[in-house]
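What follows is a short report on a single structure.
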Amino acid sequence: MEDMISKILDMDKKARDLTDAAVQSKVNYENEIIHTKEKIKNDYIERANERIKINTRIAQKAADEKLAALEKKNAAVIDHLDKENKENRDRWVNEIVQRVISGQI
């Protein structure tokens, strides 16, 4: 009888050990899943931030190029207007004076 009780107690201990091991395994897997999820999330955020940096550099370069082109175009227009002014200033002044004097304005 004692032998049977001893066997039952041994089987109960083995069952509790197996249950404890299964519970610990479940906790370990859950922790691993949480860790993996966080790693995936952090990797995704890191890649997104890198892509934002790249896109920002590309957009800034395009904006700088567009600004340089506009500045070049504006400089050409200013040069042209300055040239026109130098070439025609005296004629325009004389024409304005003549119109004022003759009453054509």
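Couple of notes before you dig in:
- For the stretch 80-105, taking the residues that are of a type in the set (A, V, I, L, M, F, W, C) and in contact with a helix residue (DSSP H, G or I) (Cβ under 9 Å, 6 or more places away or on another chain), the one that is surrounded by the most Cβ atoms within 10 Å (Cβ to Cβ) is identified as Trp92.
Residue-by-condition table, conditions (1) within 45 Å of the chain's Cα centre (by Cα); (2) of a type outside the set (Val, Ile, Thr); (3) at positive phi; (4) surrounded by 10 or more Cβ atoms within 10 Å (Cβ to Cβ):
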| site | (1), (2), (3), (4) |
| --- | --- |
| Asp10 | no, yes, no, yes |
| Tyr29 | yes, yes, no, yes |
| Ile34 | yes, no, no, yes |
| Asn42 | yes, yes, no, yes |
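- Selected residue [at pLDDT below 95 and in a helix (DSSP H, G or I)] from Glu46, Glu95: Glu95
The values are calculated or read from the model by the stated rules, or taken from the named source; none is laboratory data. Note that this is a predicted model, so its numbers are computed, not measured. FYI the Cβ positions are ideal-geometry reconstructions off the backbone, even for glycines, and counts take in every protein chain you see.
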